[in-house]
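Only the coordinates and a few stated rules stand behind these numbers; no lab work does. Since this is a predicted model, take the numbers as computed values, not measurements. Cβ placement follows ideal geometry from the backbone for every residue including glycine, while neighbour counts extend to all protein chains displayed.
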Amino acid sequence: MSDSHPVNFNSYLRRCLYVFIVVVCAVGLMIGASYLPNYQWPTKVAIILAIASCNAFVVAGFLMHLISEKKMIYTVLGFTVFFVAGLFVLTIYAMHDFPAGTQMH
Amino acid sequence: MDATVQQFPPYRKEDAPHAHDDHGHEHHQPGFWSGYVFSTDHKIIGIQYGFTALCFMLFGLFLMLLMRWQIAHPGMPVPVFGPLLEKILGQPAAKGIISPDLYNSFGAMHGTIMVFLGIVPLAFAAFGNYVVPLMIGAVDMAFPRVNMASYQAYFLGGLVMFISFFIPGGAAQAGWTSYSPLATSIPTHGQLFWIIGMVLLISSSLLGAVNFIATIIQLRAPGMTWLRMPFFVWAQFVTAFILLLAFPPLEAAAIMQLMDNVAHTSFFLPTGLAIGGQLAHISGGGSPLLWQHLFWFLGHPEVYVLILPAMGIVTEIIANNTRKPIWGYKSLVYAVLAVGFLSFIVWAHHMYLTGMGTKISTFFQATTMIISIPSVIILTCLFISLWGGSIRFNTPMLFALAFLPMFGIGGLTGLPLGFNISDVHLHDTYYIIAHFHYVVAPGTIFALFAGIYYWFPKMTGRRMNEFWGRVHFWCSLIFMNLVFMPMFAQGMAGMLRRMADGGANYSAAVNARGGAEVIGGLSDNIMALHVWILWAAVALGIAQIPFIINVFWSIKHGEKVGDNPWHSTTLEWQTPTPPPHGNFTHEIKVYRGPYEYSVPGHATDFTPQNEPPSGSPAPTIATAH
Amino acid sequence: MEIPYTVQARPDTGIYNAKLGIWLFLASEVMLFGGLFSAYILLRVGADQWPHGWLSVPLGTLNTVILAISAITTLLAWAACKVGEFGKFKFFHACTLLCALTFLCVKMYEYHDKWIHYEIKLADGTFADGHLVEKSADFDLAKKTGTVTLHGRIVNDETLLYDLRAQKDIKQDEVTVKAADIVSMENYGPWHNTYLALYFTLTGLHALHILGGSIVIGYLWGPGRKMWKTDPERFTNRIEVSGLFWHFVDLVWIFLFPVLYLT
């Protein structure tokens with residue numbers, strides 16, 4: 001795996017700087033988005049989470065060098081993400097699917 | 001069979017330029033503490049797991065006998081053990097009578113102990129630890145010290161669970177599923193101990209799972225390609241993945257329940273919860289169903305954690321004792337992968353009665369039906385493997401053969417529970433008790449017995465006594481069925497589970513209004529079955545005595561056997577007995593699949609996996625130094 | 001006995017044992033936090049009202065930046081090992097450790113801030129809400145001295161305490177209430193409401209991860225570094241693996257910060 005990474009320390013440093021700038025910008029954007037007037041909370045949450053996901057992608061991709069990982073690790077993480085998504089979606093769906101005629105209080 | 005292609009050269013120590021120099025450990029005889037208690041050798045850890053788990057299973061069996069007595073004879077003092085119980089447990093067992101609270105706590109702990117402290121550690125950790133590295137030709141597990149840590153976490157977790165019996169108020173009483181808000185409302189500390197014990201056990205399983213997967217992926221011997229791995233290794237591989245990914249949500253839930261208990265949060269406590277007729281002083285806003293979702297997200301995959309290693313063991317033994325290759329090895333592999341995958345998306349079929357809507361119920365019903373297909377494929381492959389074999393009926397094979405129909409009964413009776421219409425009637429009755437016990441008790445436990453009889457010669461160099469093995473087998477088989485078969489009838493008649501008096505009060509109240517014919521009442525015949533089950537259970541307990549004696553007796557006095565007494569093909573038999581530290585005395589290379597039995601033209605009726613193709617010299621097994 | 005592939009990558013998988021091990025462990029961590037986040041979503045969707053603006057955004061931002069810096073120094077420490085510059089490694093790893101401890105200190109301060117924040121229900125139906133002025137004061141003491149002094153405000157409607165972001169210029173004063181007027185008094189601990197329960201549980205678990213990571217990093221920086229002399233390659237791998245864990249902890253915070261502080 002060492003061949004896929006720069007061997008020069010300064011190139012690491014440069015990459016780190018870029019990542020840091022992205023992270024700081026993302027944090028700034030998220031804070032800005034949370035103060036947007038004229039938007040409902042659900043919209044704002046969606047915007048903020050979208051920014052956070054991009055931020056997470058950069059951190060995972062470059063700091064954890066996931067963009068150039070081995071197939072084995074992708075496979076493991078692929079299944080994990082699928083099952084987490086299943087847990088989220090099915091649980092939340094199950095809690096909001098009511099038998100016909102259910103009366104809410 | 002010309003599969004001699006080698007993927008890459010075997011690993012040699014010289015390849016690692018800075019390899020840590022640890023010779024000198026190699027020829028030292030470790031002392032008692034480092035050799036048997038704090039050992040990092042996977043074989044010792046496997047035996048530690050096995051011994052501890054068997055002790056817990058015996059304890060779980062004992063709890064079950066006490067409960068059966070209480071069900072059959074509610075309010076009568078327990079014979080023989082009554083005074084002892086009163087002495088140890090005090091008030092809850094006053095006069096040797098098991099109070100309903102104590103019954104609840106025995107019920108919860110019987111489930112917890114059998115699942116988390118008995119069968120998972122025995123099937124997954126013990127057999128996995130001892131056999132998997134040997135089967136894939138590895139020197140040890142990938143992370144030996146992590147391996148030791150996972151046993152210690154397990155032991156500690158077991159200790160916490162065991163100690164909880166003796167604290168004031170006794171052990172947890174909210175069932176092995178620990179549903180909130182019940183689990184948080186019981187004003188004793190048993191539940192706290194249960195959660196802490198569970199967090200330790202989950203951590204242990206996670207470390208074990210990481211270790212197993214890394215070992216199987218990284219440490220296979222040269223030539224041991226994926227499709228040359230014995231099915232047992234595949235089963236353990238999938239099991240490890242299930243443990244890895246299904247346990248953490250329960251750990252999350254356990255942490256939240258811990259917060260509910262200790263920090264008085266309301267994760268699982270709804271607004272307006274009343275405890276003992278009083279409005280609880282909580283902030284509310286929690287969701288009891290959330291606990292159920294997170295619990296069953298583990299809970300259902302857990303069923304496959306219990307059953308897959310058992311299927312793996314049975315496959316090895318059937319291949320070995322029919323002296324022919326397993327029929328449909330690849331189907332088995334794909335089926336076990338499919339089971340592992342699907343097991344994550346069926347969990348809410350345990351929750352049909354929680355008020356879920358029809359859409360989501362239909363989804364989970366569909367996935368539940370789909371998952372039965374690969375399970376049936378596995379069972380069918382094993383049945384067809386018997387066809388035309390010259391079967392050797394030794395004790396391991398008897399247990400393995402009995403596994404097939406017993407698991408079949410357990411699996412097929414699960415189908416009515418998977419359909420949400422029939423589940424409405426059968427939910428929480430003795431029917432479901434019978435169903436999952438058929439899967440786990442005569443199913444998995446029989447396979448585990450088979451595994452113990454089968455690999456005992458590898459661990460000790462001696463075979464267990466055949467005659468007493470057969471006595472153990474036949475008695476277990478007969479009494480197991482006598483215990484669980486009547487429960488199907490009881491459940492279909494409407495007897496609910498978890499009732500401390502076995503439904504006597506409930507039945508009496510209904511019958512008082514119009515006799516046994518009234519809907520919901522239980523007839524005297526159904527109630528009388530409790531007594532039958534009790535004595536069958538006692539006999540089942542007694543039937544384990546030959547086994548216990550056999551194990552200890554055979555260590556010293558069993559028939560001495562060679563390195564490969566069953567004439568098996570897999571790698572664990574191609575090494576000295578018991579295997580030395582580092583497992584193999586010669587370099588292992590694999591040239592063929594796992595089940596090459598009765599290959600025409602071969603001198604013996606088995607061809608070991610590491611035997612080079614004809615033309616090359618046969619490998620010699622070096623003797624242990 | 002030598003376990004293969006502890007240093008070198010196995011040719012067919014391309015990874016060494018510990019790297020696979022840590023990724024498997026992280027997969028289980030994803031499921032662990034996934035379970036907690038699903039609880040968060042579920043409880044939030046089902047909640048009648050959800051607090052906004054209860055946590056200090058500047059402090060949260062500070063902690064986010066601190067963690068980002070520590071993530072970068074972790075990577076640089078590994079890079080330094082890779083190019084064989086042990087002096088740089090020592091420096092960057094010390095930075096990481098320092099960042100971790102700073103993060104925990106800020107977190108402690110925030111916890112303390114919630115701990116001394118009280119909501120007091122008064123007999124006339126109003127609510128006094130604010131931080132205790134005397135550091136050691138509590139309800140028992142209040143009953144003895146007869147009064148409780150808060151730095152905060154009195155509101156007529158409890159819902160005003162929920163959305164602090166929607167209200168402009170909230171005036172904070174010293175408020176003294178008589179013990180005799182107090183109906184109930186509760187600080188902003190995990191028991192206060194579901195939001196705080198989630199806040200303390202999620203950040204508490206995250207802080208435990210930070211603590212665990214700090215111990216590992218501290219070990220590798222301190223006694224563990226003598227392996228550099230005997231087996232530098234393996235040591236570099238250890239730094240990489242511990243770094244992966246550290247980045248994951250950072251990743252969790254990247255989501256915790258918006259869901260708890262901003263929304």
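Worth a mention:
- Summarising the amide proton neighbourhood of C:H151: residues at separation of 5 or more, or on other chains, whose placed amide H is nearer than 5 Å comprise C:H131, C:L132, C:V133, C:V175.
- Distance from the range B:337-400 to the range B:431-505 (C-alpha centre basis), Å: 19
- Equivalent ellipsoid, chain B (semi-axes from 5 times Cα gyration tensor eigenvalues, Å): 43, 27, 25
- Label positions at B:H586 and C:K229, each projected 7 Å from the Cα along the C-beta direction, are separated by 4.2 nm.
- Among B:I432, B:S34, B:L245 the positive-end extreme of the charge dipole of chain B (Cβ point charges): B:I432
- Overall shape: oblate for the protein assembly as shown, with the ratio a/c of the largest to smallest alpha carbon gyration tensor axis at 1.5 or above and b/c at least equal to a/b.
- Between the range C:153-179 and the range B:152-196, the Cα center-to-center distance that results, in Å: 42
- Set C:K19/C:K82; C:K19/C:K229; C:K121/C:K144; C:K82/C:K107; A:K70/C:K88; C:K88/C:K226 screened for pairs whose C-alpha atoms are more than 26 Å apart: C:K82/C:K107; A:K70/C:K88
- Karplus-based coupling profile of the range C:46-58, in residue order and whole Hz: x, 7, 6, 9, 10, x, 10, x, 7, 10, 6, 5, x, with θ = phi - 60° in 6.51 cos²θ - 1.76 cosθ + 1.60 and x standing for Gly or Pro.
- Built amide H within the under 5 Å cut-off of B:T429, gap 5+: B:R497
- Neighbouring partner chain Cβ atoms per residue of B:238-249, average, 10 Å criterion: 5
- For the pair A:F88 and B:H425, a Förster radius of 25 Å applied to the C-beta separation gives a FRET efficiency near 0.20, rounded to the nearest 0.05.
- Subtracting the Cα-Cα distance of B:V262 and B:L156 from 0.36 nm times their residue separation leaves 36.1 nm of extension gain.
- Placing one equal scatterer on every Cα of the range B:196-334 and applying the Debye formula, the log10 ratio I(q)/I(0) at q = 0.17, 0.18, 0.20 Å⁻¹ is -0.95, -1.02, -1.15.
- Ranked by how many other beta carbons lie within 10 Å on average, peptides C:11-22, B:224-235, B:382-393, B:490-501 from highest: B:224-235, C:11-22, B:490-501, B:382-393
- Put a dot 7 Å past the Cα of C:D113, heading toward its Cβ, do the same for C:A94, and the two dots end up 3.0 nm apart.
- Proximal charge balance of B:I555 [Cβ under 14 Å; K/R count +1, D/E count -1]: +4
- The mean count of C-beta atoms from other chains within 10 Å of the C-beta of residues in C:246-254, rounded to a whole number, is 5.
- For a paramagnetic label modelled on B:F552 (point 7 Å from Cα along Cα→Cβ), amide N atoms under 16 Å away belong, within the range B:450-471, to B:465.
- Taking the longest Cα principal axis of chain B as reference, the axis of helix B:524-543 is set at about 30 degrees.
- Rounded FRET efficiency, nearest 0.05, which uses the C-beta distance separating C:E158 from A:Y39 and R0 of 25 Å: 0.45
- Residues B:F62 and B:L482, FRET efficiency given R0 of 22 Å [Cβ-Cβ distance, rounded to 0.05]: 0.70
- Using alpha-carbon coordinates, inclination of helix B:190-218 to the longest axis of chain B, degrees: 20
- With Cα atoms, 0 to 90° folded angle of helix B:144-163 axis to chain B main axis: 20
- DSSP-defined antiparallel bridges as percent of all bridges, the protein assembly as shown, nearest 5: 95
- Within chain B, longest stretch free of exposed GluC sites (Glu not before Pro) [DSSP loop, at most 15 other beta carbons within 10 Å]: B:27-516
- Net charge contributed by nearby residues that have their C-beta within less than 15 Å of B:A528 (K/R +1, D/E -1): -1
- Counting lysine pairs in chain B that sit 8 or more residues apart in sequence, or on different chains, and whose Cα atoms lie under 28 Å apart gives 16.
- Residue order for B:S105, B:S568, fewest other beta carbons within 10 angstrom first, comes to B:S568, B:S105.
- Spacing of the modelled spin labels on C:D181 and A:A50, each 7 Å from Cα toward Cβ, amounts to 4.9 nm.
- Convex hull of Cα atoms in the range B:387-436, direction-averaged projection (nm²): 4.5
- Computed from backbone phi, the HN-Hα couplings of the range B:229-243 come to 6, x, 4, 4, 5, 4, 4, 5, 5, 5, 4, 4, 5, 4, 4 Hz, rounded to whole numbers (Karplus: 6.51 cos²θ - 1.76 cosθ + 1.60, θ = phi - 60°; Gly and Pro given as x).
- The residues packed around C:H247, meaning those with a beta-carbon under 14 Å from its beta-carbon, carry a net charge of -2 if Lys and Arg are +1 and Asp and Glu are -1.
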